[in-house]
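Notes for the one structure printed next.
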Amino acid sequence: MKKFLAIMLALLLLLCAVSCSKEDENTDDKKENEVVDTESAYTPEGSADSFEYGVNEDGNYEIIGFKSTNSAPHKVEIPAAIDNVAVTAIGDDAFKVCNYISEVVIPDSVVEIGNYAFYGCNYLTAVTVADSVKTVGIGAFDSCVALANVKLSAATVSIGDFAFRACAALETIAIPETVESIGDGAFFKCAALKEIVLPASVKTVGDCAFYGTTKLTKATVKNAEIALGEYVFAGVDKTFVIVAAENSKGAEYATAYEFGFEKLA
């Protein structure tokens, strides 16, 4: 059984790597800190930062690019409104590979963080997400290697595929009790992550969601009927245990993958 699982793990690692590389195919097409074509740019008074923006589907604004005359890593506060029009989204790739951001504050006007919005921001260490945000897109914070502190919105419903992949400094993250789905590879190779609590609201966890979290020692699974994908916790610490109700999907998962098990109090 163990030999079979080892073979399957090796195959899955290859599949995950291929999938990840496909997701990244377009990342080299955009030069570091390049700004996409846009309708307008907004520079807050007295600020070195300039936000590119356009009109989104709801008629409000979304941030689609960023540049700054301050090349040192610094805190960036995204505007809640521009010319009295609400900023309701951070667009795909908006801050991708912006290496002069150390901290970002997302205002309570924003409801969506787009795909790869902060991909590869190497100096980003902290993110505060306002309680209006419902969706964290695919690869939104993928490869933010210094990201250690994340406060997710209390309204978050979904965490996209690879949303926090390879965030190597991330030791803890609180999953809000509004989250219903966690995508494939969402926390793939978050090597510093030590413990995770999946609240009762979480209905699905995608394949390889916590794959390669080598310091993960405990996962508390509160939804007895949760749908756990394949190899969700592969490559975790050897002392790893799943805490769940008896006769639950979490308990079944622990048995199937030969993990330790503790009864949920």
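Under a Gaussian network description of the chain, with springs only between Cα atoms under 10 Å, the residue in V197, V85, V243 that fluctuates furthest is V85.
Computed extension length for A174-E225: 16.3 nm, one decimal, from 0.36 nm per residue of separation with the Cα-Cα distance subtracted. When the chain is described by a simple charge dipole with +1 on each Lys and Arg Cβ and -1 on each Asp and Glu Cβ, the residue from V104, L264, S47 located farthest towards its positive end is L264.
Each label was represented as a point 7 Å from its Cα along the Cα-to-Cβ direction; for D58 and K203 these points are 2.1 nm apart.
Compute the FRET efficiency between E45 and T128 as 1/(1 + (r/R0)^6), taking r as their Cβ-Cβ distance and R0 = 25 Å, and round to the nearest 0.05. Given R0 = 25 Å and the Cβ-Cβ separation, E is 0.65.
Treating only the Cβ atoms of Lys and Arg (+1) and Asp and Glu (-1) as charged, compute the dipole magnitude of the chain about its Cα centre; round to the nearest 20 debye.
Values: 20 positive and 38 negative charges, 285 e Å.
In total the dipole reaches around 1380 debye.
Along the positive direction of the dipole of the chain (beta-carbon charges: Lys, Arg +1; Asp, Glu -1; about the Cα centre), which of N56, T204, V85 reaches farthest? Comparing the listed Cα positions along the dipole, T204 ranks first.
For the chain, build the charge dipole from Cβ charges (+1 Lys, Arg; -1 Asp, Glu) around the Cα centre, then report which of I173, A254, V150 sits farthest towards its positive end. It is A254.
Within the listed set E252, E112, E57, the Gaussian network model of the chain (springs between alpha-carbon atoms below 10 Å) gives the highest mean-square fluctuation for E57. Here the dipole of region 209-265 is about 220 debye; that uses its Cα centre as origin and unit charges on the Cβ of Lys and Arg (positive) and Asp and Glu (negative).
With r as the distance between the Cβ atoms of V145 and E258 and R0 = 30 Å, compute the FRET efficiency 1/(1 + (r/R0)^6) and round to 0.05.
Details: r = 31 Å, r/R0 = 1.04.
According to the calculation, E is roughly 0.45.
Between [x] 125; [y] 113; [z] 134, which matches volume of the Cα convex hull per residue in Å³ calculated for the structure shown? Only one listed value fits the structure, namely [y].
For H74, the residues 5 or more places off, or on other chains, whose built amide H falls under 5 Å of its own are I101, S102, E103. Compute the helix-to-body angle for 2-23: its Cα long axis versus the longest principal axis of the chain, expressed 0 to 90° and rounded to tens. With both axes taken from Cα atoms, the answer is about 10 degrees.
In the context of the full set of protein chains, the chain has a per residue accessible area of 46 Å² (1.4 Å probe).
Shown for the chain: the carbon plus sulfur share of the solvent-accessible area, taken with all protein chains present and a 1.4 angstrom probe, equals 50%.
Only four residue types carry charge here, +1 at the Cβ of Lys and Arg and -1 at the Cβ of Asp and Glu. Report the dipole size of region 129-265 about the Cα centre in Debye, rounded to the nearest 20. Don't jump to the answer; show the numbers that get you there.
Details: 12 positive and 16 negative charges, 61 e Å.
The dipole magnitude comes to about 300 debye.
Entry note, the chain: the mean residue ellipticity at 222 nm calculated from DSSP H runs of n ≥ 4, each adding -39500 (n - 2.57), is -3500 deg cm²/dmol after division by the residues and rounding to the nearest 500.
The values are calculated or read from the model by the stated rules, or taken from the named source; none is laboratory data. Just so you know, these numbers come straight off a predicted model, no measurement behind them. Counting neighbours? That spans all protein chains shown, and the Cβs are built from the backbone with ideal geometry, glycine included. Side chains included, ligands, DNA and RNA excluded: accessible areas come from the protein's heavy atoms. Shrake-Rupley method; radii C 1.70, N 1.55, O 1.52, S 1.80 Å.
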